[in-house]
1. On the principal axes of its Cα set, how long, how wide and how thick is region 6-76? Give whole Å, largest value first.
2. If neighbour count is taken as other Cβ atoms inside 10 Å, put VAL15, VAL31 in order from fewest to most.
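Read-outs throughout are calculated quantities, based only on the coordinates presented, and are distinct from any laboratory measurement. Here the structure is a predicted model, which is why all the values come from computation and not from measurement. Cβ placement follows ideal geometry from the backbone for every residue including glycine, while neighbour counts extend to all protein chains displayed.
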Amino acid sequence: MLQSPVEVEGEEEYVVEEILDSCLRQLEFLVKWEGYMNENNLWEPEDSCKNACNAIAAFYCKYPQVPRQIVQMQFNNLRF
């Protein structure tokens, strides 16, 4: 059965079941939505995942080697 969105601070949001991957173009997470099939997984920017802290923490515990985010100070020191 597909899950309906929940209301968070007056806006509808879907519940994140699990974070499956991350990408560093801008920090994005591959999200598995609770109650939905894998074909509904979506890449979501970090800002859209602010209410999925537990799922993000579980993802980083499971995959500690994946990119998190390059802080501006570190980025400025990279040589291209």
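1. 40, 26, 20
2. On the way: VAL15 16, VAL31 25.
Listed from fewest to most nearby Cβ atoms, that is VAL15, VAL31.
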